[in-house]
Every structure is written in structure tokens, then in C-alpha cells.
Amino acid sequence: MIAVIDYDAGNVASVTKAIEKVGYKACLTKDPKIIKASSGVVLPGVGAFGDCMDKLRKYNLIDTILESIESKKPFLGICVGFQLLFEEGFEFGIHKGFGIFKGSCVKFIPNKTYKVPHMGWNTVYYTKQCNLFDGINNNSYFYFVHSYFTDSDDNCVAKTDYSCTFTSASQKDNVFGVQFHPEKSQTLGLRIYKNFCNMCEEKC
């Protein structure tokens with residue numbers, strides 16, 4: 001069973017449905033016991049960095065998330081859920097993240113060519129081998145919606161270009177993160193979830 005952390009983020013239902021579509025059981029939950037008993041954890045994210053961290057604190061999920069990561073079960077952060085895994089974010093102030101990856105999250109600088117937010121399909125190209133992308137060709141397209149990005153190369157496994165080159169996927173041991181939305185990325189996005197769930201099954 002894959003635990004999808006429910007903290008009022010906007011895309012949690014679609015993430016849960018995507019996991020179920022690739023043949024795995026998903027549980028949308030904020031219950032620490034269920035999260036701890038799961039074979040893998042997904043932290044979705046839509047909204048502002050600080051607001052998301054506040055919601056996780058409100059539901060007493062900070063320690064649960066850290067314990068899940070420390071247990072070595074596969075863990076996947078998506079979009080803002082990926083950004084929260086870094087040390088800090090600068091959206092409407094300075095906010096502390098989980099610090100799993102080194103670095104911070106900063107805002108794109110808009111110009112005549114590149115509008116903010118970065119919204120739509122863009123290519124992802126690999127910098128290192130990562131099982132999350134098994135069976136997916138390099139430079140494949142995924143769907144992005146974000147105004148902030150990580151300025152860090154720490155544990156980077158894939159990058160994307162949009163006004164600058166930024167890290168679009170990272171991995172550190174059992175922890176994975178992607179800036180794009182797999183649940184909005186059609187067939188290849190489902191393959192991301194399938195690959196993640198396969199790793200959870202192997203861990204069991």
C-alpha cells in the first residue's frame with residue numbers, strides 16, 4: 001500500500017487515482033500509523049512552500065515524514081512536495097524545509113520570453129541514472145506548473161531548461177523528487193508512478 005499524504009494539497013486525489021491506475025493500492029491519509037505501515041510514501045504539493053509546511057505541522061506530520069524517510073522505504077515528493085525536501089524556500093518569506101537535499105527554492109525571474117509561472121509541457125534530460133525513469137526516453141516531455149525552482153544541483157538526476165537550467169528531479173538513497181506533475185503527464189507520468197510503486201514492492 002502506498003500512502004499519499006493528505007494535507008489539503010490540491011492534487012492529492014489525482015495522485016491517488018494515478019497510483020491505482022497502474023495497479024497498486026493507494027491510501028489518501030493523514031494518519032501517522034497508516035503512513036508508517038505503508039510500503040512507500042508520496043508527498044504531493046500544490047501551493048506556497050510556507051503554507052504547505054504549516055499544514056504539515058498542523059496535522060503533526062513533520063516527524064512522521066522524517067521517520068518514513070529514515071526507515072528507508074521509498075519516498076516521492078512532487079512539485080512543491082519536492083521543494084519541501086530542500087533546506088529552505090523563499091516564497092513569501094524564508095521558510096525552513098526538511099533539508100533532505102541541500103539548497104533552496106527561488107523564484108523564476110520573468111522576462112519577455114519566459115513568463116512566470118512556468119506552465120505546460122517541457123523536456124526532462126538525465127544527468128544520472130535513476131530507476132524512477134526506467135523505460136522512459138531521455139528528453140521526454142512532462143507537465144510543469146511552478147513559479148519557484150531549486151537552485152541546487154544536490155543529488156540531481158535530471159534537469160530542465162526554462163529561462164535558466166534547473167533541477168527537475170533528484171534522488172538521495174530512498175528519497176526521490178520531481179518538479180513536474182506525473183499525474184498530469186499522461187502515459188509517461190503513469191510510468192513514473194509505476195516505477196516508484198515497483199520499488200516499493202521490492203522493498204517489501
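The values are calculated or read from the model by the stated rules, or taken from the named source; none is laboratory data. Because the structure is a prediction, the values reported are computed rather than measured. Keep in mind that these areas ignore ligands, DNA and RNA; they rest on the heavy atoms of the full protein, side chains included. Shrake-Rupley method; radii C 1.70, N 1.55, O 1.52, S 1.80 Å.
One quarter of the surface of the convex hull around the alpha-carbon atoms of the range 123-204 equals 5.2 nm², the direction-averaged projected area.
Listed by chain and number, the aspartates and glutamates placed with their C-alpha closer than 18 angstrom to that of residue 73 are 31, 63, 173, 201, 202; residues fewer than eight positions away on the same chain are left out. Summarised as an ellipsoid, the chain has semi-axes of 24, 20, 15 Å, derived from the eigenvalues of the Cα gyration tensor scaled by 5 and square-rooted, with the largest first.
Extension gain, residue 151-residue 31: 0.36 nm per intervening residue step, less the Cα-Cα distance, totals 39.9 nm. Entry note, the chain: relative contact order of 21 percent, from Cα contacts under 8 Å with a spacing of 6+ residues. So which aspartates and glutamates can residue 17 reach, going by Cα to Cα under 15 Å and dropping same-chain residues fewer than 8 places off? Partners within reach: 6, 183. Among the listed pairs 25/194; 112/159; 102/172, those with a Cα-Cα distance over 19 Å are 112/159. Applying the Karplus relation 6.51 cos²θ - 1.76 cosθ + 1.60 with θ = phi - 60° to the range 178-189 yields 3J(HN,Hα) values of 10, 7, 7, 9, x, 5, 9, 9, 6, 4, 5, x Hz, where x marks Gly and Pro. In this structure the amide hydrogen of residue 163, modeled in the peptide plane, comes within under 5 Å of no amide hydrogen from residues 5 or more places off or on another chain. Amide H contacts for residue 176 (H built 1.01 Å from N in the peptide plane; partners 5 or more residues away or on another chain; cut-off under 5 Å): 75, 76, 77. Heavy atoms of the protein chains alone define the surface here; on that basis the range 1-132 has 48 Å² accessible area per residue at 1.4 Å probe size.
Highest mobility in the GNM of the chain, judged by mean-square fluctuation with C-alpha springs under 10 Å and restricted to 169, 26, 48, is found for 48.
By accessible area, using a 1.4 Å probe on protein heavy atoms only, the chain has 49% of its surface on carbon and sulfur.
With one equal scatterer per alpha carbon and no solvent term, the Debye-computed log10 I(q)/I(0) for the range 1-78 at 0.16, 0.19, 0.25, 0.27 1/Å reads -0.51, -0.73, -1.25, -1.41.
Remark: for residue pairs 33/55; 128/184; 21/58, the C-alpha separation exceeds 28 Å in 21/58.
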